[in-house]
């Protein structure tokens, strides 16, 4: 158990304490919670812009924002305005990015099971690259081009067979994975030959993604070194190493910056003699620490000799990561971010599930009471984007804060919103 205040290096860049209360982007978090209600995702807009610019500075024109981490029109505009391409993995993500005004030629289209409709949508939108994941996808592209669509530029996703030492569900480059053409049995070589010979695809290069929430950047150097001969033999013009850079979620964790990550990747590529242009797709490292989620404490239930349960007005519907991956988070009070936290509690949501846990073992101020605004930091990635309506709980609002102004970018869902598609 720790009684330390919340570590400030887990908070957004512009987080400050003003009159004892947490301010982000010049806005009082308590006032934001009162104005927009809770739960609410509060994003530091300057933090987002700074990380996007860092990615562009590190990789130049070769960087795409992995929008699965967090996407709305406002976020797409920030990434695009900073000079990033945007990586989309479904027709829905592509639609949001295009609706934000991002040109199709600034999009990279991913996915292991793209439908004919999605591929047609991508080609018609003029996407920069389609990252091809299977021979079945090649069949679909060839059929679309044969029917009159223009020839798309493609990267082929390669499975490098590397264990990135992350959660099992976040490993994408191990041999047993649904993603990519494996290097074994000559399958990746066959895919390259087919792409090169096809009149329906313009082969531009290769893509490899080893996993997500990877702390040891040495894994990237290892992947690049092992793939270098294959990349060079393929005569690829471009080689994308994907994303996956880890971020710190709890006290004691440390993670590399985007700049340091890029230096490792580019250095390893140079040392390995790769002549292809290096591309990358950061997502979590752009948005995770930019946000805190603010909740209202509704119930504090002390079970003597067992534990204290603290229930808030959200849960797994806006942050499923603890349930899916056993992910850890910290918690603190917006009214007292520098208070000691000697009280141990399990923070849970309002869903009808015993596993509806937000923070398994949270440290909180001893004077925490019902009605307090409790915050969990580092919730900018895979909270909003993985949210659900379980128990018909309405999805939270998303608010961007900057220069003392708070603006709503995604409205809170209403009960009537849930009936729009329910035609009864």
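The values are calculated or read from the model by the stated rules, or taken from the named source; none is laboratory data. If you're wondering where the values come from, they're calculated on a predicted model, not measured in any experiment. Note that each Cβ is placed from the backbone with ideal geometry, even for glycine, and that neighbours are counted across all protein chains shown.
What to note about this one:
- Given (1) outside any helix (DSSP H, G or I); (2) surrounded by 18 or more Cβ atoms within 10 Å (Cβ to Cβ), number of the condition residue 252 does not satisfy: (2)
- For the stretch 76-87, the candidate set comprises residues that are surrounded by 20 or more Cβ atoms within 10 Å (Cβ to Cβ) and touching a residue at least 24 places away in the same chain (Cβ under 8 Å); within that set, the residue that is farthest from residue 114 (Cα to Cα) is 82.
- Taking the stretch 105-133 as the range and being surrounded by fewer than 20 Cβ atoms within 10 Å (Cβ to Cβ) and within 17 Å of residue 196 (Cβ to Cβ) as the test, no residue passes.
- Here residue 366 fulfils each of the conditions (1) free of Cβ contacts under 8 Å to residues at least 40 places away in the same chain; (2) more than 24 Å from residue 18 (Cβ to Cβ) apart from (2).
- Evaluation of residue 62 against the conditions (1) free of Cβ contacts under 8 Å to residues at least 12 places away in the same chain; (2) out of contact with any helix residue (DSSP H, G or I) (no Cβ under 8 Å at 6 or more places or on another chain) shows that the sole unmet condition is (1).
- Top-ranked residue of the stretch 144-161 - restricted to ones that are at pLDDT 95 or above and in a loop (DSSP other than H, G, I, E, B), ranked as surrounded by the most Cβ atoms within 10 Å (Cβ to Cβ): 152
- Residue check for residue 114: in the same structural domain as residue 191 (by TED's automatic domain parsing), within 16 Å of the chain's Cα centre (by Cα) and either in contact (Cβ under 8 Å) with a residue 24 or more places away in the chain or not in a helix (DSSP H, G or I) (or both): no
- Lone qualifier among 279, 324 - being touching a residue at least 24 places away in the same chain (Cβ under 8 Å) and under 30 Å from residue 230 (Cα atoms): 279
- The stretch 58-75: number of residues that are under 20 Å from residue 41 (Cβ atoms) and either surrounded by fewer than 20 Cβ atoms within 10 Å (Cβ to Cβ) or touching a strand residue (DSSP E or B) at 6+ places or on another chain (Cβ under 6 Å) (or both): 6
- Residue within the stretch 275-296 that is more than 25 Å from residue 49 (Cα to Cα), surrounded by 14 or more Cβ atoms within 10 Å (Cβ to Cβ) and outside the structural domain of residue 66 (by TED's automatic domain parsing) present: yes
- Qualifying residue in the stretch 400-417 (condition: part of a loop (DSSP other than H, G, I, E, B) and crowded, with 19+ Cβ neighbours inside 10 Å): no
- Subset of the stretch 346-373 (residues that are more than 28 Å from the chain's Cα centre (by Cα) and surrounded by 18 or more Cβ atoms within 10 Å (Cβ to Cβ)): 365, 368, 372
- Set 310, 340, 324: member being surrounded by 14 or more Cβ atoms within 10 Å (Cβ to Cβ), outside any loop (DSSP other than H, G, I, E, B) and out of contact with any strand residue (DSSP E or B) (no Cβ under 6 Å at 6 or more places or on another chain): 324
Let's see how each residue does on (1) in contact (Cβ under 8 Å) with a residue 60 or more places away in the chain; (2) under 21 Å from the mean Cα position of the chain (by Cα):
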site	(1), (2)
11	yes, yes
19	no, no
26	yes, no
33	yes, no
40	yes, yes
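- Scan of the stretch 48-72 for residues that are under 15 Å from the mean Cα position of the chain (by Cα) and part of a helix (DSSP H, G or I), ordered by number: 48, 51, 52, 55, 67, 68, 69
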